[in-house]
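Only the coordinates and a few stated rules stand behind these numbers; no lab work does. Only a predicted model underlies this, so the values are computations on that prediction, with no experimental measurement involved. Cβ atoms come from the backbone with ideal geometry, glycine included; neighbour counts cover every protein chain shown.
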Amino acid sequence: MPMLLKGSCRCANIRFEVQSHTPVPYQLCYCSICRKQQGGGGYAINLGALNETLRIQGKRHLGVYRAEIEDDERPHCEVSTGERNFCTKCGAALWLYDPTWPDLVHPFASAIDTDLPVARERVHLMLKYKASWVVPDIREGDRTFDLYPEESIADWHKRRGLWVD
């Protein structure tokens, strides 16, 4: 059975739970969207979960942000399909949903209250867009990518025997 993740915003007006086969927080994203929306350390950590299991209390306090993207990969401004859900009361980032992958939702590890497994190795991605003041804490076994790794969150968990059935 997938792991039940329980989360909330800082002011507790929003509480949610979702089931995840991939609960290990290992991907550190340094893109400007993640960094500016929630990454106090200069990055954000996203998990994977099953969208159909997402249960929310306090929906009236939810806001959605869709980033405008214009960078080296997108020379013309595009509005992201990703819907970044946050609390309109305290501003806490909660999860990302993208209709491109309707079965998935990506809760931010920072919003999860459940104890999460510790990653022995991490993936640092979107380093091309990190802030100049950020010095990534790259440990032995970590992998780094200017953009995205080819390996999915699910495949990373499966390859390491961390997939939760």
Problem set entry | Per principal axis, descending, Cα span of region 1-153 in whole Å | 37, 37, 28
Exercise. What's the tally of Lys pairs in the chain whose alpha-carbon atoms lie under 23 angstrom apart, where the two lysines are 8 or more places apart or on different chains?
Worked result: 7
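Hey, what number do you get for the chain at 222 nm if only DSSP H runs of n ≥ 4 count, each worth -39500 (n - 2.57), divided across all residues, to the nearest 500?
Details: 2 runs with 13 residues, N = 165.
Using -39500 (n - 2.57) per qualifying helix, the result is -2000 deg cm²/dmol.
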For this session: Grab the Cα-Cα distance for Arg15 and Lys89, subtract it from 0.36 nm times how many residues apart they are, and report the gain in nm with one decimal.
Result: 25.3 nm
Problem set entry | the chain: Cys lacking any partner C-beta under 4.7 angstrom | Cys31, Cys77
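Over region 27-123, calculate the relative contact order: mean separation of alpha carbon pairs under 8 Å at least 6 apart, over the residue count, as a percent.
On the way: 144 pairs, mean separation 25.9, N = 97.
After rounding, I find 27 percent.
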